[in-house]
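Below is one structure, written out as structure tokens; the observations come after it.
The values are calculated or read from the model by the stated rules, or taken from the named source; none is laboratory data. It should be emphasised that the depicted structure is a prediction, and the values quoted were computed from it without experimental measurement. Ideal geometry is used to build each Cβ from the backbone, glycine not excepted, and the neighbour counts take in all protein chains shown.
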Amino acid sequence: MYMKERFSVVGTICGLGVLVSVACSAQTKGHAGAGGHESARPATVIGDCFALGDWSAREICLSGVDEKSIGSCEASNPEACRPFQQMHVASKRVRVLEAEIKKNAAITYGSYLDDDPGYVEDLQKFLDDSGASWSAYRGAQCQLEPLVNGMSRRELDVMVEQCRLERTRMRVQELEALLRVLESNKER
């Protein structure tokens, strides 16, 4: 649960445009768009990352910012930049685990194809469905909790990203547990 006290020190976030350019005047190594590809623009200030409207685009953009610049941003605005970087890493981990689960399911339950030809495909489909439902829940719940706690909309981006990161880390643990089950079933 995200308590009001947890976020009372957040203050003004880097995502407020001009303030960002002054307080967090850092350069990135490149600018990644929503598709994850670096653009032709060689550098951008951290504030440009927050101008992107989509969460994953911000995460991709901030993942290219050097640690010194992130540290400067964090010194001015605690927890305003690093969670976006960490969320990019955690999201990648979720995708890797999902792919490993699908691969291991095909290996572990490949022998089921004779008696139950759709078994592996169903398992993979349910994994995809589970991930999509989990992602929708995480997004809505993480936007709801700060508002229920009476937080300012100006602080919302930071609080939502912190919540998304925490929930994604829990999802990583869930997927790792599923993978362990598959691996132990493979050994039988």
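Return yes or no: is Val181 outside any loop (DSSP other than H, G, I, E, B), surrounded by fewer than 18 Cβ atoms within 10 Å (Cβ to Cβ), among the hydrophobic types (A, V, I, L, M, F, W, C) and free of Cβ contacts under 8 Å to residues at least 60 places away in the same chain? Yes; evaluated as a whole, the condition is true for this residue. Residues that are of a type in the set (S, T, N, Q) and at pLDDT below 80 within region 32-74 comprise Ser39, Thr44, listed in sequence order.
Residues are listed down the side, and each one gets a yes or a no for (1) touching a residue at least 24 places away in the same chain (Cβ under 8 Å); (2) within 16 Å of Trp55 (Cα to Cα); (3) surrounded by fewer than 12 Cβ atoms within 10 Å (Cβ to Cβ); (4) of a type outside the set (Ser, Thr, Tyr):
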{"position": "Pro83", "(1), (2), (3), (4)": "yes, yes, no, yes"}
{"position": "Val89", "(1), (2), (3), (4)": "yes, yes, no, yes"}
{"position": "Ala99", "(1), (2), (3), (4)": "no, no, yes, yes"}
{"position": "Asp115", "(1), (2), (3), (4)": "no, no, yes, yes"}
{"position": "Tyr119", "(1), (2), (3), (4)": "no, no, no, no"}
{"position": "Ser135", "(1), (2), (3), (4)": "no, yes, no, no"}
{"position": "Pro146", "(1), (2), (3), (4)": "yes, no, no, yes"}
{"position": "Glu161", "(1), (2), (3), (4)": "yes, yes, no, yes"}
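How many residues does region 116-129 hold that are farther than 10 Å from Ile101 by Cβ and in a helix (DSSP H, G or I)? Break it down into steps so the answer makes sense when it comes.
Step one: of region 116-129, the residues farther than 10 Å from Ile101 by Cβ are 116-122, 125-126, 128-129.
Restricting the remaining residues to those that are in a helix (DSSP H, G or I) gives 119-122, 125-126, 128-129.
Residues in region 116-129 being farther than 10 Å from Ile101 by Cβ and in a helix (DSSP H, G or I): 8 in total.
On the stretch given as region 148-159, residues that are in contact (Cβ under 8 Å) with a residue 40 or more places away in the chain and of a type outside the set (Asp, Glu) total 6.
Whenever a residue of region 58-76 is within 22 Å of Ser91 (Cα to Cα) and among the hydroxyl-bearing types (Ser, Thr, Tyr), its partners that are surrounded by 16 or more Cβ atoms within 10 Å (Cβ to Cβ) and modelled with pLDDT of 85 or more, lying with C-beta atoms within less than 8 angstrom and at least six residues away or across chains, give the pairs Ser63/Phe84; Ser63/Gln85; Ser63/His88.
Going by what's in this entry, would Ser69 be described as more than 19 Å from Asp54 (Cα to Cα) and in contact with a Cys (Cβ under 8 Å, 6 or more places away or on another chain)? Spelling it out, Ser69 is indeed more than 19 Å from Asp54 (Cα to Cα) and in contact with a Cys (Cβ under 8 Å, 6 or more places away or on another chain). Restricting Arg154, Arg171, Arg188 to residues that are charged (D, E, K, R), closer than 21 Å to Tyr119 by Cα and either more than 17 Å from the chain's Cα centre (by Cα) or in a helix (DSSP H, G or I) (or both) narrows the list to Arg188.
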